[in-house]
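The values are calculated or read from the model by the stated rules, or taken from the named source; none is laboratory data. What you see is a predicted model, and the numbers here were worked out from it, not measured in a lab. Neighbour counts run over all protein chains shown; Cβ positions are idealised from the backbone, glycine included. Areas reflect the complete protein model, heavy atoms only, side chains present, ligands, DNA and RNA absent. Shrake-Rupley method; radii C 1.70, N 1.55, O 1.52, S 1.80 Å.
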Amino acid sequence: MALEEPLVQNGSQEEENWQSQEALWDTLEKLEKAGDTSLENKFCAHVKISQDGGLSEIGNKPELWYSSRYISSVVLLLFVVYNLSFLCHQDLPTIFEPQPPYDHFLVSTTIAGKFGFHFGAPQKVLAALELCILLIPLCFAIKHVMVIFCYTGFAKWQAAAHLAWFTIPDLSCFSAIKVLQFVTPQQLLYDVFYLVWYEPPKTKNIKWIIFLIKTPLALIIGLDSFLIKVRLANDMIMDSRLTAHDMIGTIILLNQILGVVQIGKTIRNRLYRFVFAGEDGMMTDKETIRQDVWEAKIAERIFREYKFHKACALMLSWCDDDFQMMCLDDEEDEVDQEAPKIGMNPPPGREDPEGMLCLTRGGKGNATSMGCW
């Protein structure tokens, strides 16, 4: 009995297979019984990693720039200013003005009381601690600015990238509550798994010690800061009339609370590992260098190709969508670009399923390897 004729015979018929889940599943089942894996080999054939990391698309891809980036950048900078003002307005009076005895529960005072220690005004201690922690990102911001103006080459552009992508967003939602990010279930599990599977052996023991000390301290400081901030904001929250001060203060407090979960940073780190760390997901020194230099080149290329105000807006509004747009190339876009050069024929090797990239390191034939190099 002859085998059933394969269903994928021409372009139109193949295109129909991808129009619905049921049709694609049925086709795959029939082809699998016939020993044909040609369709399975095309799950990731429509996309490949851009070998230059998308550097050639900066200034040439219209989709990379849109005018609403100005709005996103201004909003980010406004949140930085208002957040820092809110912290100073709330913490400085708490530290320097006389405070009544604090008769509300706190985790730190409860634990200290078990050992015979008592704090007359714990809110003063936590307010001072918050401002001290705030000095860390502020010092990083000052350092990045100084490097930008005083250095050239890699150091300058890496500082520009880190200032726009990490330090300024951190300042926009900074508070002592943010240390709770280390004890959120997602981050806690991520840190544990990273220490178990990815941390180099030479630093694993010391990192475990830091983790075991840092985690309970982050829980105590973060939870007490949350309790104190909510209680200090009670006048704004429980006010009978809505004023501009109440609205801004409530929004800033909400932004600080939402900033505990660093969704953007987690997504960015995962994308970096996906592209630069390869199949094993472990960032080696060589791959870390590649990632750092790529970030610096992105910043340098943006300021070279765009006017200063556009470049600043693009850097401040940079997100994972831009990363994906630059590092991934769709097959359809390549066909459109190459068609005028070669007529109606597909690019060489395009018709061979085993020559297509399926996002794995060290593919067959002409398949590109995982990563932007």
Query - Which listed residue, of D321, D246, is among the charged types (D, E, K, R), out of contact with any strand residue (DSSP E or B) (no Cβ under 8 Å at 6 or more places or on another chain), assigned to a helix (DSSP H, G or I) and open to solvent by 70 Å² or more (accessible area, probe 1.4 Å) - result: D321
Query raised in the report: So which pairs qualify, if the first residue must be in the stretch 53-67 and more than 15 Å from D330 (Cα to Cα), the second must be of a type in the set (F, W, Y) and open to solvent by 30 Å² or more (accessible area, probe 1.4 Å), the Cβ gap must be under 7 Å, and the two must be at least 6 apart or on different chains?
Result: G59/Y306
Requested in this report: Test D191 against the stated conditions and say whether it is crowded, with 16+ Cβ neighbours inside 10 Å, farther than 15 Å from V260 by Cα and without any contact (Cβ under 8 Å) to a residue 40 or more places away in the chain.
Outcome: yes
Requested in this report: Could you please find all residues in the stretch 253-264 being without any contact (Cβ under 8 Å) to a residue 12 or more places away in the chain and within 11 Å of the chain's Cα centre (by Cα)?
Outcome: I263
Query - Matching residues, the stretch 74-104, being closer than 17 Å to F226 by Cα, open to solvent by 80 Å² or more (accessible area, probe 1.4 Å) and either in contact (Cβ under 8 Å) with a residue 40 or more places away in the chain or among the polar types (S, T, N, Q) (or both) - result: H104
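Residues L171, L217, L212: which one is out of contact with any strand residue (DSSP E or B) (no Cβ under 6 Å at 6 or more places or on another chain), modelled with pLDDT of 90 or more and within 28 Å of V147 (Cβ to Cβ)? Spell out how you get there, then give the answer.
Details: L217 fails: within 28 Å of V147 (Cβ to Cβ); L212 fails: within 28 Å of V147 (Cβ to Cβ).
Among L171, L217, L212, only L171 is out of contact with any strand residue (DSSP E or B) (no Cβ under 6 Å at 6 or more places or on another chain), modelled with pLDDT of 90 or more and within 28 Å of V147 (Cβ to Cβ).
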Report summary line: When the stretch 114-145 is checked residue by residue, the ones that are touching a residue at least 60 places away in the same chain (Cβ under 8 Å) and exposed (fewer than 11 other Cβ atoms within 10 Å of the Cβ) are none
Report task. Determine, yes or no, whether I168 is under 26 Å from the mean Cα position of the chain (by Cα), crowded, with 17+ Cβ neighbours inside 10 Å, closer than 30 Å to A313 by Cβ and aliphatic (A, V, I, L, M). Result -> yes
Query raised in the report: Do you know which of the residues in the stretch 275-309 that are aromatic (F, W, Y), in a helix (DSSP H, G or I) and in contact (Cβ under 8 Å) with a residue 12 or more places away in the chain is most open to solvent (accessible area, probe 1.4 Å)?
Result: F303
Query raised in the report: Looking only at the stretch 53-68, which residues are of a type outside the set (A, V, I, L, M), on the phi < 0 side of the Ramachandran plot and either in a strand (DSSP E or B) or in contact with a Phe, Trp or Tyr (Cβ under 9 Å, 6 or more places away or on another chain) (or both)?
Result: W65
Requested in this report: Looking at (1) of a type outside the set (A, V, I, L, M, F, W, C); (2) open to solvent by 70 Å² or more (accessible area, probe 1.4 Å); (3) within 26 Å of C173 (Cα to Cα), find the lone condition where R268 falls short.
Outcome: (2)
